[in-house]
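Input: a single structure, listed below in structure tokens.
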Amino acid sequence: MARIPGDPGPWGQVRYTLGLRLPPGNRDWVRHELTDAGWRGRLLWRHVCLMIPVCAVLAALPGPWWVHVSVPLMALAASLLAVAVTADELRRSRLRRHGIAEPPRLR
């Protein structure tokens with residue numbers, strides 16, 4: 001896959017995943033991430049990557065085997081549901097944070 005102009009590289013993408021603002025040179029990449037087809041899937045995938053360490057810590061807590069499995073799965077499912085429900089607001093916030101105009105709504 002060809003790199004998009006302004007691609008921040010691995011560390012920049014980690015910063016973006018954590019919710020930090022990227023430099024103005026990455027504006028084209030951010031615009032693509034938040035407005036191109038598949039932006040919801042990318043948003044959810046980034047959230048899964050963010051939740052993996054949290055789920056690993058939850059799985060390491062003491063308790064029976066079913067707690068080691070069910071608690072991380074419930075945390076992941078609940079957080080994915082919350083991100084899926086608020087995806088439009090999360091996108092709007094990131095667009096504003098990077099100084100990008102929100103695309104017009106199709107209705």
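The values are calculated or read from the model by the stated rules, or taken from the named source; none is laboratory data. Keep in mind that what you see is a predicted model, and the values were worked out from it rather than measured. When we count neighbours, we look across all protein chains shown, and the Cβ atoms used for this are built from the backbone with ideal geometry, even at glycine.
Computed values, structure above
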item: Qualifying residue in region 67-90 (condition: closer than 14 Å to Arg40 by Cβ and more than 18 Å from the chain's Cα centre (by Cα)); result: no
item: Residues being within 16 Å of His32 (Cα to Cα) and of a type in the set (A, V, I, L, M, F, W, C) - total across region 54-107; result: 5
item: Odd one out for Asn26 among (1) modelled with pLDDT under 95; (2) within 23 Å of Arg105 (Cβ to Cβ); (3) out of contact with any Leu (no Cβ under 7 Å at 6 or more places or on another chain); result: (2)
item: Scan of region 8-19 for residues that are among the aliphatic types (A, V, I, L, M) and without any contact (Cβ under 8 Å) to a residue 24 or more places away in the chain, ordered by number; result: Val14
item: Single condition Trp66 does not satisfy, out of (1) at pLDDT below 95; (2) out of contact with any helix residue (DSSP H, G or I) (no Cβ under 9 Å at 6 or more places or on another chain); (3) of a type in the set (Phe, Trp, Tyr); result: (1)
item: Number of the condition not met by Thr35 [criteria: (1) in contact with a helix residue (DSSP H, G or I) (Cβ under 7 Å, 6 or more places away or on another chain); (2) β-branched (Val, Ile, Thr); (3) closer than 23 Å to Pro10 by Cα]; result: (1)
item: Among residues of region 91-107, those that are farther than 16 Å from His47 by Cα, in contact (Cβ under 8 Å) with a residue 60 or more places away in the chain and either acidic (Asp, Glu) or outside any loop (DSSP other than H, G, I, E, B) (or both), counted; result: 2
item: Residue that is surrounded by the most Cβ atoms within 10 Å (Cβ to Cβ), among those in region 20-48 that are in contact (Cβ under 8 Å) with a residue 60 or more places away in the chain and not in a helix (DSSP H, G or I); result: Leu22
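Conditions (1) loosely packed, with under 14 Cβ neighbours inside 10 Å; (2) in a loop (DSSP other than H, G, I, E, B); (3) of a type in the set (Phe, Trp, Tyr); (4) in contact with a Ser or Thr (Cβ under 9 Å, 6 or more places away or on another chain), marked per residue:
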position	(1), (2), (3), (4)
Ile4	no, yes, no, no
Pro10	yes, no, no, no
Gln13	no, no, no, no
Val57	yes, no, no, no
Pro62	yes, yes, no, no
Ser70	no, no, no, no
Leu76	no, no, no, no
Ser79	no, no, no, no
Asp88	yes, no, no, no
